[in-house]
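All remarks here apply to the structure that follows.
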Amino acid sequence: MNMHAQQPQRTGAETALLEAYDSRLSVLPGDGAVTVKRDNALEVLKAGLPTKRIEAWHYTDLRRLLTAVPQHDASAVADKLGALLDGSAVLPVLNGVSSANLPSVDGVRFERLEDKLRDGSFAPALEVQGTDDAIGALNAAFVADGYFVDIEADAEIAAPIELQNIQAGGQTHSRFPVRVGDRAKVTIVERQTGEGAGLSTSISHLTLGEGAEVLWIIVQDQPDDSTYLGQFNAALGKDSKLTLFFMNAGGRLVRQEVRVGTAGEGSDFQLRGINLLAGDTHTDVTMVLDHTKPHTGSRELIRNVVTGKARGVFQGRINVHQIAQKTDAKMACNTLLLSDDGEFSTKPELEIFADDVQCGHGATVKEIDHDHLFYLKARGIDEKTARGLLVKAFLAEVIEELEVEPIVEALEARLDQWFATHG
Amino acid sequence: MLEIKNLHARIAEDGTEIIRGLNLTVKAGEVAAIMGPNGSGKSTLSYVLAGRDDYEVTEGDILYNGESILEMDPAERAASGIFLAFQYPMEIPGVATMEFLKVAMNAQRKARGEEPLKIPELLKRVKEAAGSLNMDIAMLKRPLNVGFSGGEKKRAEILQMKLLEPQLCVLDETDSGLDIDALKIVADGVNALRSPDRAIVVITHYQRLLEYIVPDSVHVLYRGQVIKSGDKSLALELEANGYAGVIDEAA
Ligand SMILES: Nc1ncnc2c1ncn2[C@@H]1O[C@H](COP(=O)(O)OP(=O)(O)OP(=O)(O)O)[C@@H](O)[C@H]1O
Ligand SMILES: [Mg+2]
């Protein structure tokens, strides 16, 4: 019998990844326990990248779409960015490498992830979350660096902490575990960007203690020829509150996964997201939210602007477990289509096993209102500016709900930048 | 200033002709009133002047300061000084009124090769204009026209007109929906704009407005044509006798 008839032939990307593993393993940080985890992750990859037959990847056939797998290029140079918010403590990972120069912030302990890989203390966290966790597997196999952020109980951190993951055209894999102690408060900014046709994966794990409050802002504006695969994981302690905001404004192939569990009673999760999709990007945001305790709430509001031949996906799955009575969950995904060739697919899923809950979802797709456009033009505002105003109006609500003036301004400035080049 | 010659215009979507050979001349310094029964094409004429692409001009021409504007898009027309106060101003969610005013004023300045207004100067002008129209400045923080009352929307139109200082003002039923005090305020606002180098076209159903804004000429529009023109006494005659006589006369 011919073995090849049973196992589909590997794609170029799959072969390149397996070869990269062979050549990189000896230089990747980690003791024996870490290597075991890496090898386990590799087994998942060997089974092949997920195709559209895998439900979680139905709209993003990674096996077909991932075509470029560059080598890690140790000599490539990436530059640290100016912080999104003034006064932030910045932790850059440049071309996959963290900085030894750790900032000092009262109530916060920073560690380089490379050190935690080397001493093996990070090995238990390199678990792949199931066979469809391709991002987890890719990252666990190759992760080289990142930062661990540990925030003391009761600390109210005034300065935002900004995690920068900046690729330089090669392959990079980073992680950002963050632990927020009981009742602590912090704003964390995550920047995913770079220059060149890189392949980068990045995984963050956030744990919120009792009553902790976190605002986490992801700004992804990779160049138009790069691949970005991200995963955000969070476990919410009792009465804690997490607001996650993301803005996708670049990348050719992008998947941002959001996996949140309300592990504590009374916890609250808010997701606000903006996808600005132009050119021939394929951008997928996939959320899985588990309400596992009673009296928890969540609301998701996603707004998408699609132009050119861009394709967007939002999959939002909310699982309300049987004991999670009094869950209040609402999800909305609205798309503004600016071109005939753009498209956006939305797949909301509610799996409800408790009987006393309030859950709902809604999705809309519309175009720019022709009459609104005429009204603005009739006041002398040119077509491009008028469209820009209307697009911003469509997105404004999501940003303004963040309510912190400097954050609203910084994000609106990012919007303006995107619109100046793609509007 | 405005010369409309044998204008024919139809609805782009289904080809229904609404303006059917319309002629009208309005000189600089003139205030012209247009009256006419419901559905006769008054608003359509105003939209065609502003360049709304739901309508197609199939014949005739519109000359503004001696030049055809048919090839100009709405923004160019506005920047060249044509202003339409809408019969039904549109609500635009998410666009703050103040922001809109700033963008509109500066867009027109840019088109004329002028520097953008600095924020303090802009605020000063907006405050002055809003004050003269008895408008609460707090309203300008709200999204454009969203939830404004009928009268507030009309006032907001006049506010824009004052700030943009157009040459040719077309007011489509700006008086309907206004209470008596507001009518006076709006009329004062319009009268303040009267000047030898500005023309004003007021579309209205009511003689009452024309007591405040006294027109130099009155035109009756019926089935897409101007069927009769006269001076302000024509409006009084219509008020007393309705349109039937004028229509019969023209037939
Ligand atoms: N976009 C359109 N689609 C369909 N019909 C239209 C459209 N625009 C105008 N019409 C029709 O054309 C005719 C003229 O309409 P218009 O609004 O210009 O009348 P008007 O003189 O302003 O009336 P009113 O005094 O009631 O405001 C009406 O019969 C109207 O229904
Ligand atoms: Mg009308």
Region B:2-250 - share of DSSP beta bridges that are antiparallel (%, nearest 5) = 60
Pair-distance profile P(r), taking every C-alpha pair of region A:1-123, with 5 angstrom steps and integer % | 2, 8, 12, 15, 16, 15, 14, 10, 5, 2, 1, 1, 0, 0
If ligands, DNA and RNA are left out, what is the accessible area of A:Arg303 with a 1.4 Å probe, given in Å² to the nearest 10?
-> 30
When DSSP assigns beta bridges and you keep just the ones with both residues in the protein assembly as shown, what percent turn out antiparallel, to the nearest 5?
-> 15
One finds the C-alpha centres of region B:68-138 and region A:309-383 to be spaced, in Å, by 32
If you line up the long axis of helix B:97-111 against the longest principal axis of chain B, both from Cα atoms, how many degrees apart are they, to the nearest 10?
-> 70
Relative contact order of chain B, defined on C-alpha pairs under 8 angstrom at six or more residues apart (%) = 28
On the protein heavy atoms, probe 1.4 angstrom, tell me the percent of accessible surface of region A:371-423 carried by carbon and sulfur.
-> 50
B:Leu70's amide H: which non-local residues (gap 5+, or another chain) put their own amide H closer than 5 Å, with H modeled 1.01 Å from N in plane and none for Pro or chain starts?
-> B:Ile62
10 Å beta-carbon shell around B:Gln207, net charge (K/R +1, D/E -1) | -1
Pop out the carbon and sulfur fraction of the accessible area of region B:78-211 as a percent, whole number, probe 1.4 Å.
-> 53
Euclidean distance between Cα centres, region A:187-252 to region A:88-129, Å = 15
Contact order normalised by residue count of region B:180-251, Cα under 8 Å, 6+ apart, percent = 23
What is the helix-to-structure angle for B:119-132, meaning the angle in degrees between its Cα long axis and the longest Cα principal axis of chain B, kept from 0 to 90 and rounded to the nearest 10?
-> 50
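How big is the Cα convex hull of region A:371-423 in projection, averaged over all directions, in nm²?
Orientation-averaged projected area of the Cα hull: 3.9 nm².
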Mean per-residue count of partner chain Cβ within 10 Å for A:382-388 equals 4
Take every Cα pair under 8 Å in region A:12-367 that's 6+ residues apart, average their separations, divide by the length, and report that relative contact order as a whole percent.
-> 11
Local net charge near B:Ala96, Cβ-Cβ under 11 Å (Lys/Arg +1, Asp/Glu -1) = +2
Whole-percent tail of the Cα-Cα distance distribution for region B:197-239, cut at 14 Å, equals 46
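List the residue ranges in chain A for DSSP H helices whose C-alpha atoms run 18 angstrom or more along the long axis and whose Kyte-Doolittle average is -1.0 or above.
Once both thresholds are applied, what remains is A:32-46, A:383-400, A:405-422.
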Calculated from backbone phi, Karplus (6.51, -1.76, 1.60) coupling profile of region A:316-331 in Hz, x at Gly/Pro | x, 10, 10, 9, 9, 6, 4, 7, 7, 5, 6, 5, 10, 10, 9, 9
All-pairs alpha carbon distance profile, region A:12-367, 10 Å steps from 0, percent | 6, 25, 35, 26, 8, 0
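In whole angstrom, how long is each semi-axis of the equivalent ellipsoid of the protein assembly as shown, when you take the square root of 5 times every eigenvalue of its Cα gyration tensor and sort them from largest down?
Semi-axes (√(5λ), whole Å): 61, 26, 23.
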Restricted to region A:12-367, the DSSP antiparallel beta bridge percent, nearest 5, is 5
Which value, in Å², gives the accessible area per residue of the protein assembly as shown when a 1.4 Å probe is used on the protein heavy atoms?
-> 41
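Would you tally the net charge around A:Asn95, using a Cβ to Cβ cut-off of less than 12 Å, leaving A:Asn95 out, and scoring K and R as +1, D and E as -1?
-3
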Evaluate the Debye formula for region B:41-176 with equal point scatterers sitting on the alpha carbons, no solvent, and hand back log10 of I(q)/I(0) at q = 0.10, 0.11, 0.15, 0.20 Å⁻¹, in q order, two decimals.
-> -0.34, -0.42, -0.77, -1.29
Grab the DSSP H runs of chain B that are 4 residues or longer, score each as -39,500 (n - 2.57), total them, divide by all residues and round the 222 nm result to the nearest 500 deg cm²/dmol.
-> -11500 deg cm²/dmol
Restricting region B:36-81 to GluC sites (Glu not before Pro) in coil, as DSSP defines it, with at most 11 other Cβ within 10 Å = B:Glu71
Report the percentage of all Cα-Cα pairs in chain B whose separation exceeds 28 Å, rounded to a whole percent.
-> 32
Among A:His291, A:His372, A:His72, which one moves the most in a GNM of chain A with springs linking Cα atoms closer than 10 Å?
-> A:His372
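The values are calculated or read from the model by the stated rules, or taken from the named source; none is laboratory data. The shown structure was predicted, so the numbers you read here are calculated from the model rather than taken from an experiment. A quick note on method: Cβ atoms are made from the backbone with ideal geometry, for glycine too, and the neighbour counts reach across all protein chains shown. The area values use the complete protein model at the heavy-atom level, side chains included, leaving out ligands, DNA and RNA. Shrake-Rupley method; radii C 1.70, N 1.55, O 1.52, S 1.80 Å.
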